[in-house]
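The structure appears right after this line, and notes come after that.
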Amino acid sequence: MNSDNLIIADKSFSSRLIVGTGKYASAAVMVRAHEASGAEMITVAVRRVNIALPGAAGAPRAPKEASLLDYIDTSKYFLLPNTAGCYTADEAIRTARLGREAGLSHWVKLEVIGDERTLFPDTEQLLEATRVLVREGFVVLPYTNDDPIVCRKLEDAGAAAVMPLGAPIGSGLGIQNVNNIRIIREFARVPLIVDAGVGTASDAALAMELGADGVLMNTAIAGAQDPVAMAESMKLAVRAGRLACLAGRIPRKLYANASSPIEGLVGR
Amino acid sequence: MCAKMSPGASAHPFIPLTIQLNGDRVEMPGPLTVSELLARLAIDARRVAVEHNLVVLKRGTLDEIVVHEGDQIEIVNFVGGG
């Protein structure tokens, strides 16, 4: 199984779990969780730096803030900048370009949000941003809803993977529309990553059993009572689900089918 | 927010510049390049990306780009996200 890597565009990843860097109680916990998750690809957000203007009379500056990159070994982890929080194609495109310059890679997890309560994607803007960024040479991984038609359009627009949600971001509800994920699996010719909605290990395993090529999550790990233990459980769940998918499950039957022989019973 | 900066030890004559920096109006002594702006703000250029009037600047060009009156500058870095 050593060759069962996740391949997206021109890159190969030995882990099918992609994890985030948000909402951790401390950088130290994040570092240990990343380690335990076995993930190789890590998402980051692009935001304005805090500007500390020097005082007029050379007043002392505030102590220098630690940067997220102080805690991520970029020789070990591949950074995937996101466009989280963007509500238009234009904003997302600007953010993707800035992320490319900050991270020196041309990969982007493309998000264009349509509504702040649900964080559901605005798929019209998402498609437009995908087309523009693909033209500019980006490897675009769009976060989208679990709509097979939108996924197909994203693929046609040049997306390197499709990333349907399992449930709303950070909701922990698990995969709400199993059958849509199954249909997307049948349609997709690019990798299918279930992105968002995972609450616990069985959700990640289910995603993989349905045939997803990978799972992307943040809150399920960062928000767990013990993020490091949850990270490890997600690593095992993704692996288990993948193996189960490749192994081929038995069909579901309504009635029992005995495992022990019917013949040779004592006293018959 | 509108803050003033001292001209410091610069040999250049003091020419006040007002720019939009990360959405805030900021006044500072000019002339200066984007590299000099980052240095004054104590920002490590290797850790950020800079957008100058909606154009993302390539790392190697920060020394050459001069900040002008009214310019819009965005300086971003990576933070935690999912």
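Looking at the stretch B:23-80, what strands (runs of 3 or more DSSP E) fall wholly within it and have at least 1 residues that are away from every other protein chain (no Cβ under 12 Å) and either in contact (Cβ under 8 Å) with a residue 24 or more places away in the chain or out of contact with any His (no Cβ under 8 Å at 6 or more places or on another chain) (or both)? Result: B:24-30. Of all the numbered requirements in (1) touching a Phe, Trp or Tyr at 6+ places or on another chain (Cβ under 7 Å); (2) more than 14 Å from every other protein chain (Cβ to nearest Cβ); (3) under 16 Å from A:Ile184 (Cβ atoms), A:Pro142 misses one, and that requirement is (1). Looking only at the stretch A:18-38, residues that are more than 10 Å from B:Gly80 (Cα to Cα), among the hydroxyl-bearing types (Ser, Thr, Tyr) and within 12 Å of another protein chain (Cβ to nearest Cβ) come to 1 in all.
Restricting to the stretch A:42-55, what's the tally of residues that are assigned to a loop (DSSP other than H, G, I, E, B) and of a type outside the set (A, V, I, L, M, F, W, C)? Step through it out loud before you land on a result.
Narrowing the stretch A:42-55 to residues assigned to a loop (DSSP other than H, G, I, E, B): A:49-55.
So of that shortlist, the ones also of a type outside the set (A, V, I, L, M, F, W, C) come out as A:50, A:54-55.
So the count comes out to 3.
A single member of A:Ala92, A:Ala96, A:Ala102, A:Ala84 is within 10 Å of chain B (Cβ to nearest Cβ), within 13 Å of A:Phe138 (Cβ to Cβ) and outside any strand (DSSP E or B), and it is A:Ala96. Residues that are at pLDDT below 65 and either surrounded by fewer than 10 Cβ atoms within 10 Å (Cβ to Cβ) or in contact with a Pro (Cβ under 7 Å, 6 or more places away or on another chain) (or both) within the stretch A:60-84 comprise A:Pro60, A:Arg61, A:Ala62, A:Pro63, listed in sequence order.
The values are calculated or read from the model by the stated rules, or taken from the named source; none is laboratory data. The shown structure was predicted, so the numbers you read here are calculated from the model rather than taken from an experiment. Note that each Cβ is placed from the backbone with ideal geometry, even for glycine, and that neighbours are counted across all protein chains shown.
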